[in-house]
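The values are calculated or read from the model by the stated rules, or taken from the named source; none is laboratory data. The structure displayed is predicted, hence computed values, not measured ones. Cβ placement follows ideal geometry from the backbone for every residue including glycine, while neighbour counts extend to all protein chains displayed. Side chains are part of the model used for accessible areas, which takes the heavy atoms of the whole protein and leaves out ligands, DNA and RNA. Shrake-Rupley method; radii C 1.70, N 1.55, O 1.52, S 1.80 Å.
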Amino acid sequence: MLLALQGVHTYYGNSHVLHGVSLELEAGRTVALLGRNGAGKTTTISSIVGFVPPRSGKVLFKGQDVTGAQPHALARMGVGLVPQGRRIFPNLSVRENIALAQRAAGRRTGWSLERIYAQFPILQERAAIGGAQLSGGEQQMLAIARAMAVGPELLLLDEPSEGLAPLIVAEIGRVMRALKQEGLAMLLVEQHVPLALSVADTVYVLNKGQIVFSGSPQALAADAALKQQYLGI
Amino acid sequence: MTLDTFVLQLTNGLVFSLLLFLMAAGLSLIFGLMDVVNLAHGAFYLLGGYLGLSIVRWGGSFWLALLLAPLLVGVLGLLLELTLLRRLYRRGHLDQVLATFGVALIVADLMRAAWGAYVEVVAPPALLAGQVAIGGLAFPTYRLAVIAVGLSLALGLWLFVERSTVGMQIRAGVSDPQMAGMLGVDVPRLFAGVFAGGCALAAFSGVAAAPILTLYPGLDSEILILALVVVVVGGLGTLRGAFFGSLIVGMADVFGKALLPEFSVFAIFVVMAAVLLTRPAGLFGRATATRGA
């Protein structure tokens, strides 16, 4: 198992957000984590990468206990993050945003600058521009490129379609399917259900900090009552 | 004020500004990177000066003092970061302020015990003891040397932060330490290094300033307050802000003392208030990571 969460409980101060979340992700597979606003999707990501360490439960990566580990330790083990809101460094140029990830993680990535530019041509055009001057779609491309530059075996994507025009959402879907073709494992948090179902092998639905469904995208698509109750569609 | 006095005061202002910059650069980067207000920064400045004094007294040269004192204070800063500050990052500002203020008080008392409560003067090195005549005006050689060294250090620091890999990590860490970590940057190590480097720069400033400002108990907090004003005026976490903030505050201080001695402290805070009214985040306000489009 590449990634496993076992009974994770996470709090923000006194507020109990995750109530024993367990999920599993195999190498090369894509898992979508769905749910309404405030269901605990982003908190799940934050618990995995140590931004908000779980109060109890375990996070295992490649069989190793990484609960509450430092972010840089996880990055160096092969976890890449495309965070909610993209979090591009505005005071670094596009090229620097990528170079930072390539050098700091010290992993053999296979994702050279040339390859990144080939996958994301827009970033080459904007290479010398500051991160703050990019459009939302360009920022999202950079956030994905930057995470790939770390050379991850597991990519965590938190709402990559958020606030983007349909054309760009389609482009992001294309990129995710291409990465999946290459055998990259992904954990995808999404509000955009059709996008998520188009790439996922397995779907988990989160509600009020608890997993209420896990199964194939087909099983979810067929369950109208479940979709209505937990996803509002 | 005649043109001659104006030019001399301008030189003094530049000297003071650059000494202030060496203090404020560390303070600002530490503040921007770790979100810690290091109230012990002034104590490290004065400790650097006193260590320099002792090194000169024990027969070392001024040059040795300029090298060794920052090194010692840098190591002390590193130990402080590893043992005390590291535990406080997850706590609020109040805990950090109390802890670093406590360190400042302890170091100040230890310095008083070790070096006494007198005004100590450090002679500039013999090589720079004289004066240089430029256009009929006599400039103290040492002050011109401080300007040259200060400007070179400022340029060197700027190149380090803007062009080196570690500098890139520092800039990324200033805007979003968590995300820098997720890209593989060992943020705790970066924090420790920047903290130690900032302390060493403050100590360097303390040694370099000793022949001009002398050394006495209380100088630590005087310098700290000015450096904090610089950080507020220039904006958090940027070298450019620390540089131009230092120029403004340094010049305001020197010219304030020359023109309106009764209001010299007032002059600095007028400048600070004016900047805050027009640019609340400081001249080069801190850039934070973008959240959403």
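Checking each residue in segment B:192-207 for being open to solvent by 10 Å² or more (accessible area, probe 1.4 Å) and not aromatic (Phe, Trp, Tyr) picks out B:Gly193, B:Val194, B:Ala196, B:Gly197, B:Ala200, B:Leu201. Contact map, segment A:10-26: residues that are of a type outside the set (Phe, Trp, Tyr) paired with residues that are open to solvent by 60 Å² or more (accessible area, probe 1.4 Å) and not in a strand (DSSP E or B), Cβ distance under 7 Å, separation 6+ or inter-chain. Pairs shown: A:Thr10/A:Arg55; A:Glu24/A:Met1; A:Glu26/A:Met1. The number of residues in segment B:162-187 being touching a residue at least 60 places away in the same chain (Cβ under 8 Å), touching a helix residue (DSSP H, G or I) at 6+ places or on another chain (Cβ under 7 Å) and facing another protein chain (nearest Cβ under 10 Å) comes to 3. Residues in segment B:84-140 that are open to solvent by 50 Å² or more (accessible area, probe 1.4 Å), within 22 Å of the chain's Cα centre (by Cα), in contact (Cβ under 8 Å) with a residue 40 or more places away in the chain and within 26 Å of B:Tyr50 (Cα to Cα): B:Phe101, B:Arg112, B:Val119, B:Val121, B:Ala123. For segment A:111-130, a tally of residues being closer than 11 Å to A:Val94 by Cβ and either in a helix (DSSP H, G or I) or not hydrophobic (A, V, I, L, M, F, W, C) (or both) returns 9. As a summary of the residue check, B:Gly184 satisfies the conditions (1) of a type outside the set (A, V, I, L, M); (2) at positive phi; (3) part of a helix (DSSP H, G or I) except for the one numbered (3). For segment A:79-102, a residue qualifies if it is assigned to a helix (DSSP H, G or I) and of a type in the set (A, V, I, L, M), and the qualifying residues are A:Val94, A:Ile98, A:Ala99, A:Leu100, A:Ala101.
Could we say that A:Ile144 is within 14 Å of chain B (Cβ to nearest Cβ), within 20 Å of A:Tyr117 (Cα to Cα) and without any contact (Cβ under 8 Å) to a residue 60 or more places away in the chain here? When the stated conditions are applied, A:Ile144 does not pass them. Is it the case that segment B:172-191 has a residue that's within 13 Å of the chain's Cα centre (by Cα) and not small (Gly, Ala, Ser)? No, the conditions are met nowhere in segment B:172-191. Go through segment B:1-29 and give me each residue that's touching a strand residue (DSSP E or B) at 6+ places or on another chain (Cβ under 8 Å) and among the aliphatic types (A, V, I, L, M). Within segment B:1-29, B:Val7, B:Leu8 meet the criteria. Condition check: hydroxyl-bearing (Ser, Thr, Tyr), open to solvent by 30 Å² or more (accessible area, probe 1.4 Å) and within 19 Å of A:Ala105 (Cβ to Cβ). Does B:Ser164 satisfy that? Here the answer is yes, as B:Ser164 does meet what is asked. When segment A:48-66 is filtered for residues that are in contact (Cβ under 8 Å) with a residue 24 or more places away in the chain, assigned to a loop (DSSP other than H, G, I, E, B) and β-branched (Val, Ile, Thr), only A:Val52 remains. Note on segment B:29-49: residues that are surrounded by fewer than 24 Cβ atoms within 10 Å (Cβ to Cβ) and of a type in the set (Phe, Trp, Tyr) amount to 1. Each residue in segment B:221-261 was checked for being among the hydrophobic types (A, V, I, L, M, F, W, C) and open to solvent by 30 Å² or more (accessible area, probe 1.4 Å), and 13 of them qualify. Under the condition of being among the aromatic types (Phe, Trp, Tyr), open to solvent by less than 10 Å² (accessible area, probe 1.4 Å) and more than 8 Å from every other protein chain (Cβ to nearest Cβ), the residues counted in segment A:77-128 number 1.
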